[in-house]
Every structure is written in C-alpha cells, then in structure tokens.
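> Let me give you the structure first, and then I'll get to my questions.
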Amino acid sequence: MSLSRKVSQKYSQRGSKGEVVVTFGAVQGARWTGRKDPGAGVQVNLLEGPEDSLRSSYKYMFQRLRDVRNVLTEKIEELGESLRSQFNIEEFSVVSLPAQDSVTVLGQVCCDSNGKLNARSVLLEAGQEQGGQQVPVDLSELKEYSLFPGQVVVMDGMNTTGKKLVASKLYEGCPLPFYNTTVNMETDEAAEPLNVLVACGPYTPSDSLTFDPLIDLISVIVRDRPDVCLLLGPFVDSKHQQIEKAQVTETFETIFSRCIESIVDGTRSVGCHLVFVPSQRDIHHDFIYPQPPFILPKLSKDQAQRVTLVPDPCTLLIDGVTFGMTSTDILFHMGAEEISCGTSSDRFSRILNHMLTQRSYYPLYPPTEEVNMDYEKFQIFGQMLLTPDVLVVPSELRYFVKDVVGCVCVNPGRLTKGQVGGTYSRLLVRRSATSEDGKRASPCLTAQVVKI
C-alpha cells in the first residue's frame, strides 16, 4: 500500500484519534455500527437511473460561447418562471428601460470587472426575453442581501434613467421538493437505521505517498461495520508534493488501482457497499466538470456487486434516502465571491441555501479558474433534480453538519490536512414517511464528524 518508504512523522504522532468534533441530532444510545449483515439488501442507485446519468468519458474543450450563453439564458428563464409563480408576479420589465414607477426585473448577478464582487460593482444581466442587457444595481436601500456572481434573482426597484437600478426588494427563491417516499410506517419504524460513513481525500499526508490514513480508515470500517461507505476523491492527488515534483516511479493509474484494490479487499470481511466519487484533483482522471465516473476494469464479479461508481456531481438514492454529492469545493469557491449585508445566518448556511434555491451543484458563474466546466453537460448533469435529504459538500474549510431548510448538509473535512490527520463523517439514516400532520421528518437521525 505504501509507495514511498518515508512515513509521515507528523501523521503517525497525531493526538486525539477518534475524537468526535461535531455532533448533529441526538439519538438516545446511538449505535455506530451497521446492521448484522452490513450492505446486505441495501439499495444504492443513482436517482436519475443509469440511462439518464453521466456514465462515460466525453469529448470536451470544444465549447462555443453561444452555447454557454444559451445554457445561462435557459437557467435565468427557468428559475425566473419558478420565482414568478411563487410570488404571483405578473410580468418582468426590461432592465434597461427607463420607468418612473417601481419595476420588477429578472436577471443574473455579475461583476462589472474581473475583480471580486462588491456592493458597488454589482450588475444585473437580463435573459434574452428581457432584452439581454446589463444594468448597474444600487444596493444601498436593501436592508439585507446575500449575492454572488451567477445568482439568478428577481428585484423590485426604480430605474428612472435606464442606466441604474436602485433596488428596494430582493426575492428569495425556494428549494425544490424533497424525495417522496411511499413506505409502510409500521415496518419502517422497526427497521434498523442505516450507518453511512463519508470520507474525502486526499488519503495520504502531503509529505509522503504512504496511504497510512487510508489504512486507518479501513480499520475504522472493519471496526464499525457501516452499511455504506461514500468515498470521495482525490485518491491520487494532483496537488501532492511528490506528484507536483515528478518524484513518482509508477504510473498514476497503477497507484490508483492499488489504492482502490486495498479498499475493496480490506473491507471484504465487512461486506459494506462502497461508492467512489471522482475529483478534479484526481490526476489520472478526466479534468472536467461534470466529471464521469471512474472505470475499474480489474474488479471481479463479486467485488463489482458491492461497488458503485458515480459521476461528480450526483444524486444517490440509498434505501429511500437521497444523498446529493459533489467533490468540487463549491463552499470555498463561493465563499471567496459571495457578498452579504445584514443577514443573521452564517456564511456556510447562506452558501448552502444558495445551492438549494438555485437548484445547482455549482451555481457560481464564471467558475473558479481551477474548475474546467462543460456547460452543455452541466445543464444536463449538474442540476439538482430535487432537494436531497443529505447534501455532502467536502471542503478545505472547517468541517460541519448543518440543517439548511430541512436538508442535512455535511462537510466531512478531508482525511488528511497537509502532514496531519483530518476527519471523516458518519450518519445514521432511516427513510421516513410524512407524519399525519403533513410535516416531513428528516431521515437523518444523527451525524458526527470524527478525527481519524
């Protein structure tokens, strides 16, 4: 499993192993072990079905600006229609048309330069139906707002000259509905909760290519016997010191194959279901978003039965509970671009709320330089089909578990942080039918973030 003889001293000498650093939800005497026969009978499927999901590599790096424009215009119109019906708005005005009365306009937030968005650089760009023009926005009359480039918004305001919109009201979108499960409550309440482990790479310390943290994670899986393990890349990290300096003596594919084989073989005694999500930092894989799933030709038939290979991003249905996942660090990217004023919520909650109300796994436009986006594929495979019960968003930023508009959002942290150990997450979930008074009970009973 080790690729370099040098073992990371800092990693091997880390303290507070196994310490629980975040707890969400409380279940009396929660047992962090899987069912008697982990993985047996657990249904793990892509929500949209194999025919409608991204299954294989595709040709990219040929993208016309006109096609990108069409995708963005369709997004503005689609979200605009949803906001219009939600707030009973009769029609949207053209953004650049002078008017002496208050108008309601629809558009996409953008910045007036290549710099970072700020309160004085906000432009509203209309879709083709509203004239397709840009107009500067004055936010001084808004008591509270949270905006980022690429956000589709509806605003009330005055635009007496046609040259500047003085915004007086900002309309918040609403998320899509949750997955509707039709389950028998009696059998459901008696069912044991499903134990799901979530971990995100890198799986090696930054000063060595020994997979010690991964070996420790496999030990945790063998000990706790979770039913499902969601493992997100990078598995062979393009930002690793030795890979950047070309000090590796094997091909990247060989390192990756050995890494995956050790996970599959190491967890064989447990029998848990393994889900592998690629990352754009996986050096041997397609550097494109949305990213096709890994290809593992060497898996035996028995091994392949408990392994699911999914694209990034994806929505999974695990025993009636929906999991939305992306390994791309959208929290970090949006956190650097978002501006806010007067809001009571914290930054993570605001960004997650934007993802859910914009109904997209990557609502930022233009994307960060390190994200290579194919917009035509993104329109098909990068949008949320519904609001997931659990949203997994690994990030360089601090780990957390939060409830945002009924969706349990988890940042498990990374398994290694530089030369030291990081964190992983574990959840107990059980599908729940809607209660008699019509209120939805979250399927996530409890969750923790734990140090490796």
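> Along the principal axes of its C-alpha atoms, what lengths does the chain span, in descending order and rounded to whole Å?
72, 59, 43 Å, listed from the longest principal axis down.
> Quantify, in whole percent, the carbon and sulfur part of the accessible surface of the range 374-452 (1.4 Å probe; protein heavy atoms only).
Answer for the range 374-452: carbon and sulfur cover 47 percent of the accessible area.
> Please enumerate, by chain and number, the lysines with C-alpha under 24 Å from the C-alpha of residue 301, excluding those fewer than 8 residues away in the same chain.
The qualifying lysines are 36.
> Counting Lys and Arg as +1 and Asp and Glu as -1, each charge on the Cβ, what is the dipole of the chain about the Cα centre in debye, to the nearest 20?
1540
> Something else now. Order 163, 36, 451, most accessible first, counting only protein heavy atoms with a 1.4 angstrom probe.
36, 163, 451
> May I have the pair-distance distribution P(r) for the range 65-209, computed from all Cα-Cα distances with 10 Å bins from 0 and rounded to whole percent?
10, 32, 23, 12, 15, 8, 1
> Taking all protein chains in place and a 1.4 Å probe, what share, in percent, of the accessible surface of the range 243-336 do carbon and sulfur account for?
Of the solvent-accessible surface of the range 243-336, carbon and sulfur hold 54 percent.
> Any chance you could run the full-extension gain for residue 397 through residue 369? It's 0.36 nm times the residue separation minus the Cα-Cα distance, nm to one decimal.
Gain on stretching residue 397 to residue 369: 8.2 nm.
> Where does helix 65-86 land angle-wise versus the long Cα axis of the chain, in degrees 0 to 90, nearest 10?
That works out to roughly 80 degrees.
> Using only Cα atoms, find the angle between the long axis of helix 252-266 and the longest principal axis of the chain, and express it within 0 to 90 degrees, rounded to the nearest 10.
Once rounded, one gets 60 degrees.
> Among the lysines, select those whose C-alpha is under 24 Å from the C-alpha of residue 116, and discard any that sit fewer than 8 residues away in the same chain.
In chain and number order, the partners are 75, 143, 163, 164, 169.
> Too long at a 20 Å Cα-Cα cut-off: which of 10/451; 239/377; 59/245?
239/377; 59/245
> Same structure, new question: How tilted is helix 347-358 with respect to the longest principal axis of the chain? Cα atoms for both, answer in degrees (0 to 90, nearest 10).
70
> Hey, can you grab everything whose amide H is under 5 Å from the amide H of residue 287? Only 5+ residues off in sequence or another chain; H modelled, so Pro and N-termini drop out.
Amide H neighbours of residue 287, under 5 Å, 5+ apart: none.
> Describe numerically, in nm with one decimal, the distance between label points set 7 Å from Cα along Cα→Cβ at residue 112 and at residue 36.
Spacing of the two 7 Å Cα→Cβ label points: 6.9 nm.
> Determine, at each q value in 0.12, 0.23 (inverse angstroms), the log₁₀ of I(q)/I(0) that the Debye formula gives when each Cα of the range 149-266 is one equal point scatterer.
-0.73, -1.30
> Right, another one. Per residue of the chain, what 222 nm ellipticity follows from adding -39500 (n - 2.57) for every DSSP H run with n ≥ 4, rounded to the nearest 500?
Helix contribution divided over all residues of the chain: -6000 deg cm²/dmol.
> Here's a follow-up. In square angstrom, rounded to the nearest 10, how much accessible surface does residue 219 have for a 1.4 Å probe?
Rounded to the nearest 10, the figure is 60 Å².
> Here's another thing I want to ask about it. Pop a pseudo-label 7 angstrom from the Cα along the beta-carbon direction at both residue 101 and residue 58 and give the gap in nm to one decimal.
Here the answer is 4.5 nm between the modelled labels.
> Taking only protein heavy atoms into account and a 1.4 Å probe, give the accessible area per residue of the range 131-235 in Å².
38
> If you don't mind, another one. Which residues make up the longest stretch of the chain that has no GluC sites (Glu not before Pro) in a DSSP loop with at most 15 other Cβ atoms within 10 Å?
251-368
> Tell me the label-point distance for the pair residue 346, residue 140, using the 7 Å Cα-to-Cβ offset, in nm and rounded to one decimal.
3.4
The values are calculated or read from the model by the stated rules, or taken from the named source; none is laboratory data. These numbers were taken from a predicted model, which means no experiment stands behind them. In this analysis, Cβ positions are derived from the backbone assuming ideal geometry, glycine residues included, and neighbour counts consider all displayed protein chains. The protein model used for the area step is the full one, side chains on, heavy atoms only, and it has no ligands, DNA or RNA in it. Shrake-Rupley method; radii C 1.70, N 1.55, O 1.52, S 1.80 Å.
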